[in-house]
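K.L.:
Next up is a structure, given as structure tokens.
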């Protein structure tokens, strides 16, 4: 498993403050990502600041975790950026907050149709799939990703 470099770290002066992956956003999730074969993986520990019901991870935060990892799947596997056009989430089991146990968010491309990527994501907690989703992403041409979204490339720490 290889850690991915964050390609937007040098863009703070241009306004980079992503709720999902910016390491300096005080309210953000500060997600970091790894490549594991065809999958992109994030390990994240839910604290009580992200609860919905008592000691339970908010469903909107779960959806954000899955949406964010999908964007990183596109960045790493297709070397471009895109936008979510659809998300179908199934909440199967609750996820506890405030117990200092990390969860695993895992995403992969399940299908490509022209400029659309279909991404399967699951959140695994206590060795069970608690939440799963199928996301549809419209993938921008690389020139547009570079010009409009400041995307250059998504590398692992071992690359270059």
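Values quoted throughout were computed directly from the atomic coordinates according to the rules given, and no laboratory measurement underlies them. Computed from a predicted model, the values in this text were never measured in an experiment. Note that each Cβ is placed from the backbone with ideal geometry, even for glycine, and that neighbours are counted across all protein chains shown.
K.L.:
I want to confirm something. Restricting to region 1-51 and keeping residues that are part of a loop (DSSP other than H, G, I, E, B) and in contact with a strand residue (DSSP E or B) (Cβ under 6 Å, 6 or more places away or on another chain), which single residue is farthest from residue 120 (Cα to Cα)?
P.N.:
46
K.L.:
Check residue 128 against each of (1) in contact (Cβ under 8 Å) with a residue 24 or more places away in the chain; (2) at positive phi and name the one condition it does not meet.
P.N.:
Result: residue 128 fails condition (2) only.
K.L.:
Here is a list of conditions, (1) within 18 Å of the chain's Cα centre (by Cα); (2) exposed (fewer than 15 other Cβ atoms within 10 Å of the Cβ), and residue 112 meets all of them except one; can you say which number that is?
P.N.:
Condition (1) is where residue 112 drops out.
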